[in-house]
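A short worksheet on the structure shown next.
The values are calculated or read from the model by the stated rules, or taken from the named source; none is laboratory data. Since the structure is predicted, the reported quantities are computational estimates derived from the model, not experimental observations. Note that each Cβ is placed from the backbone with ideal geometry, even for glycine, and that neighbours are counted across all protein chains shown. Side chains are part of the model used for accessible areas, which takes the heavy atoms of the whole protein and leaves out ligands, DNA and RNA. Shrake-Rupley method; radii C 1.70, N 1.55, O 1.52, S 1.80 Å.
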Amino acid sequence: MKAFIFIPIALILLILSGCDSAGLSESESSEISDFRPVDMVYPLIDSAHSRWFFFSSATRPFGMVNLSPDMVVDGAWNAGYRYHEDTIRAFSHIHAWQLSGIPVLPTTGEFQGHLGPDVYGSSYSHDDEIVQAGYHKIVLADYDVTAELTSTTRVGFHRYTFPESETSTIHFDFSTVLGPSDTRMGSVKKISNTSLEGFAVMDSTIRRPKPVTVFFVAEFDQPFESFGGWQHGELIEVDDHIEGERTGAFVQFSTEEGEVRKMKVAISYTSIEAARNNLNQELPHWDFDAVVEDSQEEWNNWLSRIMVEGNDEQAIRRFYTDLWKALQGRRIVNDISGTYLDMTGDGRRIGQIPLDDDGKPLFNHHNSDSFWGAQWSINTLWHLVYPEVTESFVNSMLLMYDDGGLIPRGPSGGNYTYVMIGATTTPFIVSAWLKGIRGFDIDKAYEGMRKNHMPGGLMSKTGYEHYTAIGGGLEYYIERGYIPFPLYDQTYGFHQAGSGQTLEYAYQDWALSQLAEVLGKEEDAEMFAARAGNYRNLWNEEEGWMWPRDRDGNWSDLIDHLRYGGPWVESNAAQSTWWVPHDIPGLADLMGGREAFTEKLNQSFENAEVHSFTSGIAHAMETIRDFRRVYINYGNQPTMQTAWMFNYSGAPWLTQYWTRRVIEEVYSHLTYERGYSGDEDQGLMGSLAVLLKIGLFSVDGGVNEKPYYEIGSPIFDKITIHLNNDYYPGNTFVIETINNSPENKYIQSASLNGEGLHRPWFLHDTLVNGGTLRLEMGPEPNKEWGSAPADAPPTRIRQ
């Protein structure tokens with residue numbers, strides 16, 4: 001596979017050693033001067049702390065198949081590929097939000113597949129491993145089998161090099177727990193001595209309330225000699241078919257030293273026939289190297305939408321790794337024909353995405369964790385750089401609205417999961433429309449969003465509240481202007497956190513009010529804008545923070561401002577106080593004005609700097625009480641926007657300073673031990689890192705009637721954004737920095753398309769028409785630039 005090793009070997013070894021700095025010799029630096037972005041990606045980032053859907057290697061952008069080794073097979077957290085674990089237990093094909101499926105493993109010698117992953121798993125060494133975007137190679141040391149993995153969107157492609165062995169085996173284990181769910185039952189049928197087909201029923205979870213069936217077709221490039229199976233841990237006699245609970249199947253054959261065997265595994269959530277069609281359409285040949293090359297070329301095309309230039313090689317590598325993560329996790333779940341699984345009703349239903357004139361689906365259907373925090377990450381990145389992805393996701397949401405009556409906030413396997421709180425997809429859809437992405441039915445979208453903001457919609461449901469619509473507390477929010485904590489004596493789901501719910505609902509209401517205004521729905525615009533002011537009802541002037549109220553309107557005396565959880569959603573009062581992205585002037589007024597706002601926020605960052613702006617370097621640390629008592633946490637979503645808020649209070653130099661410090665402490669590492677200091681959450685934190693580094697952001701999530709971007713402190717000398725001309729008229733937008741360096745982080749002056757720019761923001765419409773933003777940088781802040789009240793970005797809700 002030397003043809004696909006583009007990164008210098010010395011660099012690979014240095015990165016794998018765990019060093020934070022991938023230093024390069026002069027000769028190696030010259031090799032990077034003319035690079036492909038795909039070659040910069042480091043898939044092992046933070047892999048010591050992986051959750052089930054975090055790690056990726058053999059996959060395509062948003063691929064249905066995400067094929068990779070699993071060291072830990074039991075659990076949604078701390079599972080899947082885990083760098084420090086010593087045993088590989090499976091190569092499984094699905095690592096998605098509440099989804100898993102089709103674990104396989106090649107072995108040699110006495111068969112042990114029926115004894116479970118803890119017995120048949122194999123040791124391995126990272127010294128024998130190569131991991132790239134679209135390709136993974138590892139040696140199963142116990143069996144002396146070299147495994148290579150790649151994929152198309154819906155097909156996993158395996159290439160195994162075996163030793164001399166009278167009994168070589170490839171098994172399919174449908175008796176094991178796999179990631180977030182157990183395997184309820186399995187079925188495998190021998191079609192020929194080169195073909196298997198079947199399915200696995202993945203059990204329901206607390207988050208995904210209904211089971212999901214994963215269908216598969218497996219094709220082998222050479223005949224196998226025998227077919228067998230097991231059930232309940234015992235080998236059993238099988239002819240050509242095995243089906244039931246706690247089953248597994250295997251094929252066996254003898255091999256000579258160095259014998260190569262290939263296997264293709266196509267999957268579908270609808271039928272075996274659809275899986276076979278996915279295979280025939282996407283991978284009709286056996287050229288493994290060609291698939292690796294095609295995968296990396298596809299990744300390179302996606303990553304090349306943003307080209308960066310600079311002298312810091314590690315920063316470039318980390319940037320493209322962040323961008324790569326931004327295009328992961330939220331997986332395609334429809335077949336190549338456009339058929340998809342709908343589990344929103346009483347039973348299982350197969351739907352059909354509308355087709356274009358060539359018979360291809362007009363968009364893809366997606367599986368996704370919540371869009372909680374998306375307003376500060378993928379809203380900005382996808383809408384700007386990948387608008388076709390945004391359009392596909394919006395249409396996927398509306399398809400689920402057609403099927404089940406609600407626009408989802410995190411669908412899984414055709415199910416509603418009701419993950420997190422509120423109507424988190426409202427800002428995503430609103431921002432898309434206001435930025436000119438119009439390839440969806442806006443009347444239907446508005447109807448669905450409005451429903452979610454009214455009793456009985458998503459705002460009435462708290463996290464994972466599958467069968468009631470009470471825990472969201474929406475009636476209290478509408479009638480009293482806040483949601484009490486505690487809301488009731490019982491809880492109806494996760495995150496029944498009245499104060500946090502109040503703040504997020506207020507922002508989401510403001511987002512919908514902006515779209516209502518544009519669509520001429522004046523009455524709705526006034527209603528939702530008025531509700532957007534509910535955040536004020538939580539301001540406790542005596543405490544100086546947002547504060548919970550009980551059902552009688554009294555301030556709670558059970559918390560302090562650093563206490564995590566309770567009335568707050570994965571945060572505390574100190575963090576949640578800044579959760580007013582739609583009315584920063586109003587929040588500043590509550591605090592005593594712009595200067596008081598700036599002082600309080602700056603003090604929070606100074607306090608947070610002590611703990612490097614995170615709650616530890618991994619999610620496991622974030623669950624420890626003392627690590628949660630922090631003012632700012634860039635390892636999770638609730639404070640993603642905070643460093644940019646100085647642009648609104650007359651201190652843009654502090655946005656420039658603190659965004660650089662956050663990048664340095666949180667988003668510069670490039671090792672298996674460090675990366676996202678918490679939970680990357682399917683592209684949310686990767687997107688945030690990209691935005692921090694190119695110096696563009698939208699505190700309000702891009703939902704202003706006229707969307708705009710705020711300016712930070714780009715870390716690169718030149719950034720070129722290639723615009724999609726199907727959506728935007730410009731060809732490129734370029735950000736140039738002069739005299740940029742780690743020390744020269746402050747903007748001295750700026751020009752936009754040749755004219756002086758004296759404010760820290762500019763309109764989306766300006767950017768997408770193409771042009772150049774030029775920033776003169778220096779070591780000391782220019783406190784005159786962008787600091788006047790009239791220079792602040794234009795946000796304020798109706799009074």
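Here are the numbers for the structure shown:
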quantity	calculated
Filtered residues of segment 619-637 (kept if hydrophobic (A, V, I, L, M, F, W, C), part of a loop (DSSP other than H, G, I, E, B) and surrounded by fewer than 22 Cβ atoms within 10 Å (Cβ to Cβ))	Ile624
Qualifying residue in segment 118-137 (condition: closer than 17 Å to Glu256 by Cα and assigned to a loop (DSSP other than H, G, I, E, B))	no
Count - residues of segment 256-278 that are open to solvent by 10 Å² or more (accessible area, probe 1.4 Å) and either in a strand (DSSP E or B) or of a type in the set (Asp, Glu) (or both)	7
Pick from segment 181-225, criterion in a loop (DSSP other than H, G, I, E, B) and either free of Cβ contacts under 8 Å to residues at least 24 places away in the same chain or touching a helix residue (DSSP H, G or I) at 6+ places or on another chain (Cβ under 6 Å) (or both), ranking: farthest from Tyr160 (Cα to Cα)	Ser204
Where Asp142 falls short, out of the listed (1) within 18 Å of Phe62 (Cβ to Cβ); (2) outside any strand (DSSP E or B)	(1)
Subset of segment 645-657 (residues that are open to solvent by 10 Å² or more (accessible area, probe 1.4 Å) and closer than 14 Å to Ile747 by Cβ)	Trp653, Leu654, Tyr657
Pick from segment 387-432, criterion closer than 15 Å to Met449 by Cα and of a type in the set (Gly, Ala, Ser), ranking: nearest to the chain's Cα centre (by Cα)	Gly410
Matching residues, segment 91-110, being assigned to a strand (DSSP E or B) and more than 21 Å from Ser204 (Cβ to Cβ)	Phe91, Val104, Leu105, Pro106, Thr107, Thr108
Selected residue (only one of Asp70, Asp39 is modelled with pLDDT of 50 or more and open to solvent by 10 Å² or more (accessible area, probe 1.4 Å))	Asp39
Residue within segment 706-713 that is assigned to a loop (DSSP other than H, G, I, E, B), free of Cβ contacts under 8 Å to residues at least 24 places away in the same chain and of a type outside the set (D, E, K, R) present	no
Met640 vs. criteria in a loop (DSSP other than H, G, I, E, B) and aliphatic (A, V, I, L, M)	yes
Matching option when the condition is at pLDDT below 95 and either open to solvent by less than 10 Å² (accessible area, probe 1.4 Å) or within 20 Å of Gly701 (Cα to Cα) (or both), among Ser368, Ser377	Ser368
Among (1) part of a loop (DSSP other than H, G, I, E, B); (2) within 23 Å of Tyr418 (Cβ to Cβ); (3) touching a residue at least 40 places away in the same chain (Cβ under 8 Å) - the single one Asp346 does not satisfy	(3)
Per-region count, segment 750-770, residues free of Cβ contacts under 8 Å to residues at least 60 places away in the same chain, buried (at least 16 other Cβ atoms within 10 Å of the Cβ) and not in a loop (DSSP other than H, G, I, E, B)	5
Filter result for Arg594 (open to solvent by 10 Å² or more (accessible area, probe 1.4 Å), touching a helix residue (DSSP H, G or I) at 6+ places or on another chain (Cβ under 8 Å) and of a type outside the set (Phe, Trp, Tyr))	yes
So Ile437, is it open to solvent by less than 10 Å² (accessible area, probe 1.4 Å) and touching a Pro at 6+ places or on another chain (Cβ under 6 Å)	yes
Every residue from segment 81-111 that is out of contact with any strand residue (DSSP E or B) (no Cβ under 9 Å at 6 or more places or on another chain) and open to solvent by 20 Å² or more (accessible area, probe 1.4 Å)	His84
Of the criteria (1) over 18 Å from Phe646 (Cα atoms); (2) open to solvent by less than 10 Å² (accessible area, probe 1.4 Å); (3) not aromatic (Phe, Trp, Tyr), which one Arg674 fails	(2)
Only listed residue being surrounded by 17 or more Cβ atoms within 10 Å (Cβ to Cβ), within 22 Å of Pro427 (Cβ to Cβ) and over 31 Å from the mean Cα position of the chain (by Cα), chosen from Gly481, Gly472	Gly481
Qualifying position, being out of contact with any Asp or Glu (no Cβ under 9 Å at 6 or more places or on another chain), open to solvent by 10 Å² or more (accessible area, probe 1.4 Å) and not hydrophobic (A, V, I, L, M, F, W, C), among Pro789, Pro779	Pro789
Selected residue (only one of Gly686, Gly702, Gly616 is of a type in the set (Gly, Ala, Ser) and surrounded by fewer than 24 Cβ atoms within 10 Å (Cβ to Cβ))	Gly616
Segment 723-739, subset in contact (Cβ under 8 Å) with a residue 40 or more places away in the chain and assigned to a loop (DSSP other than H, G, I, E, B), residue surrounded by the fewest Cβ atoms within 10 Å (Cβ to Cβ)	Asp726
Residue that is most open to solvent (accessible area, probe 1.4 Å), among those in segment 215-248 that are in contact with a strand residue (DSSP E or B) (Cβ under 7 Å, 6 or more places away or on another chain) and small (Gly, Ala, Ser)	Ser226
Test: residue in segment 570-579 that is under 22 Å from Glu710 (Cα atoms) and open to solvent by 10 Å² or more (accessible area, probe 1.4 Å)	yes
Search result, residues across segment 289-336 that are closer than 25 Å to Tyr672 by Cβ, assigned to a loop (DSSP other than H, G, I, E, B) and either open to solvent by less than 10 Å² (accessible area, probe 1.4 Å) or small (Gly, Ala, Ser) (or both)	Gly310, Ala326, Leu327, Gln328, Gly329, Arg330, Arg331
Residue pairs meeting the criteria (Cβ under 8 Å; at least 6 apart or on separate chains; first at positive phi and among the basic types (Lys, Arg), in segment 117-143; second assigned to a loop (DSSP other than H, G, I, E, B) and surrounded by 14 or more Cβ atoms within 10 Å (Cβ to Cβ))	none
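One line per residue, one yes/no per condition, for (1) over 27 Å from Tyr648 (Cβ atoms); (2) touching a Gly at 6+ places or on another chain (Cβ under 6 Å); (3) of a type in the set (A, V, I, L, M, F, W, C):
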{"residue": "Trp545", "(1), (2), (3)": "no, no, yes"}
{"residue": "Gly553", "(1), (2), (3)": "yes, no, no"}
{"residue": "Asp557", "(1), (2), (3)": "yes, no, no"}
{"residue": "Pro567", "(1), (2), (3)": "no, yes, no"}
{"residue": "Ala573", "(1), (2), (3)": "no, no, yes"}
